[in-house]
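Scroll down for the structure; my scribbles are underneath it.
The values are calculated or read from the model by the stated rules, or taken from the named source; none is laboratory data. Since this is a predicted model, take the numbers as computed values, not measurements. Please note: Cβ atoms are built from the backbone with ideal geometry, for glycine as well, and neighbour counts cover all protein chains shown.
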Number of protein chains: 2
Amino acid sequence: MENEGIRTIKTIAIIGLGVVGGSYAQAIRLSCGHRYKIIGIDTDELTLKKAKQLGWIDQGYKDGKEVLPQADLVIFSLYPVMIKTFILDHLSYFKEGALLTDATGVKKPCMEEVLPILPSHVDFVFGHPMAGREKSGIDYASAQVFQGANYLITPTPLNKKENIDFIESFMRSLGFGRVTQTTIDFHDEIISFTSQLTHAIAVSLINSDREGRETVRFIGDSYRDLTRIANINEKLWSELFIENAPNLLQSIEAFEKELTLMKAAIANKDKTSLEKRFVEAGKRRVALEEADYSLKYKD
Amino acid sequence: MENEGIRTIKTIAIIGLGVVGGSYAQAIRLSCGHRYKIIGIDTDELTLKKAKQLGWIDQGYKDGKEVLPQADLVIFSLYPVMIKTFILDHLSYFKEGALLTDATGVKKPCMEEVLPILPSHVDFVFGHPMAGREKSGIDYASAQVFQGANYLITPTPLNKKENIDFIESFMRSLGFGRVTQTTIDFHDEIISFTSQLTHAIAVSLINSDREGRETVRFIGDSYRDLTRIANINEKLWSELFIENAPNLLQSIEAFEKELTLMKAAIANKDKTSLEKRFVEAGKRRVALEEADYSLKYKD
């Protein structure tokens, strides 16, 4: 039953209780108490047990078929390639009018796989929480990572407005600071820059260290900061890199171009050119920080 | 007057009360109370006034000549190129047996400039606190940044053991976690990797952003982390980059090689090769974190 223009959600199923799914479960419980019944679906028995003991879910299931027909909202927090398979296996089990959403970091390949096989009685609003931890598994889940973070929605023409509105206000209620609607193509383009390029850099930086130097004695916070995300979930990120290959290659090349210009300035001992680059970077970073701060509290 | 093997330091002069000199003043006051008389020398009147009001220095001077003859320990926190000039201007003002030290981030050029002109009645123990803030000026000074940080010493054959020992225990007393002695060449080689390369990357990353994308709506902590140091002091860092040019160019090239291999893996959709790189990076990062943590509390 629905009020005018407002989705009534009673039961939420979270598919996959890893670091992202677990964080959702905790965030929903912390922000909404027992307003929703939270169901966790995960193939790992121990994960379900932990989620239950922590009070993050009301019920845990290894298979979705029994309980999916109750779920008004389904949150996929699976590896991107597994979402299509899950939907195909559960086509007739989704509740009439169910709202589905996801957390995948690259949108086009996932949406191109899912949209053609989506049953017509559900609505999939694709979402991307820009928060995460480097580690995987429920032990590293934490509602804290969502606080003030960006949340992105890539609507399709099929999405009902009330469902997009619900996801927006729901994500805000979990602590996200900014919710932005954008196109699929632009999402994947800019994410290749802000997210995949940064991980490519961190990995290449730490891998370019020569071994046997006892580097740890010679680091400051800059090296700590730039390598934090080098402790990367290899399965997830190799998938994201390959799915977003054309955009990512472009972003890497734009970055390499900047680095090449900087190398030339260093080799030529061109202090003026270096200073110009540093001043530009400083201006951009200050502007980013100010916009980040003010949007966090205004949006 | 000196005890056997232990330097007796009564008066400390800090030359330059910017972000590093100010942090030293505060750290000494916080850690050592009034055991030392702290003298600040800075050309900026307002800076001296602030340092005095904060209780970080006992006396402030715009010129060193009057007060330098009292100083047992002199800490240079000037731009690297200014140290030589200061010494030449004050050759006969240093106290007999005075211990001098610095905070410059690249050692060879500075030491090659300073050592030949150093008066024989002083001992210069070159040091590098691996801590700092992106902003400059006394307003951003903070003793906090030294806590647990690395400190590097590049001894010369001229240094007296008691002076090296003093700097070591003095820096530990200010909160530094690890003090490491190393050669000048190795210092500049590895610092080009851990410190200058990271800044070159951060600057090139943020400068490679295409303008007009409202990037702030599409960032997570990875982009925040990797660009934090892009807000860079252009005068200091262009100097450091140029002083350490050969090492820095090598470090950039080793990094670019890794990035090129990664690009090939992405273009070939070679999941196995990507995963291998990610696993290696993760192993290195975990090892770094563990060594960083354990050395911080054991050394």
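When each of A:Gln53, A:Gln26, A:Gln70 is tested for being out of contact with any Gly (no Cβ under 8 Å at 6 or more places or on another chain), polar (S, T, N, Q) and farther than 23 Å from A:Met171 by Cα, the lone residue that passes is A:Gln53. Just one residue in the set A:Glu234, A:Glu134 is within 30 Å of A:Glu258 (Cα to Cα) and touching an Asp or Glu at 6+ places or on another chain (Cβ under 9 Å); that residue is A:Glu234. Residues of the range A:191-210 that are free of Cβ contacts under 8 Å to residues at least 12 places away in the same chain and more than 7 Å from every other protein chain (Cβ to nearest Cβ): A:Arg210 alone.
Filtering the range B:107-155 to residues that are modelled with pLDDT of 95 or more and of a type in the set (S, T, N, Q) leaves B:Ser120, B:Asn150, B:Thr154. Scanning the range A:71-92 for residues that are under 16 Å from the mean Cα position of the chain (by Cα) and surrounded by fewer than 17 Cβ atoms within 10 Å (Cβ to Cβ) returns A:Tyr79, A:Val81, A:Met82. Taking the range A:120-131 as the range and being crowded, with 16+ Cβ neighbours inside 10 Å and more than 14 Å from chain B (Cβ to nearest Cβ) as the test, the residues that pass are A:Val122, A:Asp123, A:Phe124, A:Val125, A:Phe126.
Scanning the range A:114-162 for residues that are of a type in the set (Asp, Glu) and under 30 Å from A:Ile229 (Cβ atoms) turns up A:Glu134, A:Asp139. What are the pairs, 6+ residues apart or on separate chains, where a residue within the range A:55-70 that is in contact (Cβ under 8 Å) with a residue 12 or more places away in the chain has its Cβ under 7 Å from a residue that is of a type outside the set (Gly, Ala, Ser) and surrounded by fewer than 13 Cβ atoms within 10 Å (Cβ to Cβ)? Sorted first by the residue in the range A:55-70, then by its partner, the pairs are A:Lys62/A:Thr43; A:Lys62/A:Glu45. Screening A:Phe186, A:Phe176 for residues that are surrounded by fewer than 21 Cβ atoms within 10 Å (Cβ to Cβ), of a type outside the set (Gly, Ala, Ser) and within 20 Å of the chain's Cα centre (by Cα) leaves exactly one candidate, A:Phe186. Does the range A:174-183 contain at least one residue that is more than 25 Å from B:Glu189 (Cβ to Cβ), modelled with pLDDT of 95 or more, facing chain B (nearest Cβ under 7 Å) and touching a Phe, Trp or Tyr at 6+ places or on another chain (Cβ under 6 Å)? Taking every residue of the range A:174-183 in turn, none turns out to be more than 25 Å from B:Glu189 (Cβ to Cβ), modelled with pLDDT of 95 or more, facing chain B (nearest Cβ under 7 Å) and touching a Phe, Trp or Tyr at 6+ places or on another chain (Cβ under 6 Å). Is the range A:258-267 home to any residue that is at the interface with chain B (Cβ under 7 Å from one of its Cβ atoms) and among the acidic types (Asp, Glu)? Taking every residue of the range A:258-267 in turn, at least one turns out to be at the interface with chain B (Cβ under 7 Å from one of its Cβ atoms) and among the acidic types (Asp, Glu). Filtered by the rule that a residue be more than 25 Å from A:Leu240 (Cβ to Cβ) and surrounded by fewer than 20 Cβ atoms within 10 Å (Cβ to Cβ), the range B:250-273 gives B:Gln250, B:Glu253, B:Ala254. Checked against the criterion of being among the β-branched types (Val, Ile, Thr), under 19 Å from B:Gly137 (Cα atoms) and modelled with pLDDT under 95, the range B:77-93 has at least one qualifying residue. Return yes or no: is A:Leu274 more than 29 Å from B:Glu239 (Cβ to Cβ), of a type in the set (A, V, I, L, M) and either in contact with a helix residue (DSSP H, G or I) (Cβ under 8 Å, 6 or more places away or on another chain) or assigned to a loop (DSSP other than H, G, I, E, B) (or both)? For A:Leu274, the condition - more than 29 Å from B:Glu239 (Cβ to Cβ), of a type in the set (A, V, I, L, M) and either in contact with a helix residue (DSSP H, G or I) (Cβ under 8 Å, 6 or more places away or on another chain) or assigned to a loop (DSSP other than H, G, I, E, B) (or both) - is not met. Looking across the range A:241-253, the residues that are touching a residue at least 40 places away in the same chain (Cβ under 8 Å) and facing another protein chain (nearest Cβ under 7 Å) come down to A:Phe241, A:Leu248, A:Ile252. When the residues of the range A:28-70 are filtered to those that are assigned to a helix (DSSP H, G or I) and either at pLDDT below 95 or within 21 Å of the chain's Cα centre (by Cα) (or both), the one that is surrounded by the most Cβ atoms within 10 Å (Cβ to Cβ) is A:Ala51. The set of residues from the range A:221-240 being within 30 Å of A:Gly16 (Cα to Cα) and either basic (Lys, Arg) or within 7 Å of chain B (Cβ to nearest Cβ) (or both) comprises A:Asp225, A:Leu226, A:Thr227, A:Arg228, A:Ile229, A:Ala230, A:Asn231, A:Ile232, A:Glu234, A:Lys235, A:Trp237, A:Ser238. Considering the conditions (1) of a type outside the set (S, T, N, Q); (2) under 30 Å from A:Gln181 (Cβ atoms); (3) at pLDDT 95 or above, B:Arg213 is excluded by exactly one of them, (3). Annotation for the range B:98-106: at least one member residue is modelled with pLDDT of 95 or more, among the charged types (D, E, K, R) and not in a helix (DSSP H, G or I). For the range B:268-292, taking the residues that are aliphatic (A, V, I, L, M) and facing chain A (nearest Cβ under 7 Å), the one that is nearest to A:Met262 (Cα to Cα) is identified as B:Ala281. Looking across the range B:109-137, the residues that are within 14 Å of the chain's Cα centre (by Cα) and either under 17 Å from B:Glu239 (Cβ atoms) or not aliphatic (A, V, I, L, M) (or both) come down to B:Cys110, B:Phe126, B:Gly127, B:His128, B:Pro129, B:Gly132, B:Arg133, B:Glu134, B:Lys135, B:Ser136. Taking the conditions (1) more than 7 Å from chain B (Cβ to nearest Cβ); (2) surrounded by fewer than 17 Cβ atoms within 10 Å (Cβ to Cβ); (3) not hydroxyl-bearing (Ser, Thr, Tyr) in turn, A:Arg213 satisfies each one other than (1). Look at A:Tyr140 and say whether it is under 15 Å from A:Ile14 (Cα atoms), among the aromatic types (Phe, Trp, Tyr), surrounded by fewer than 20 Cβ atoms within 10 Å (Cβ to Cβ) and within 16 Å of the chain's Cα centre (by Cα). So A:Tyr140 fails the test.
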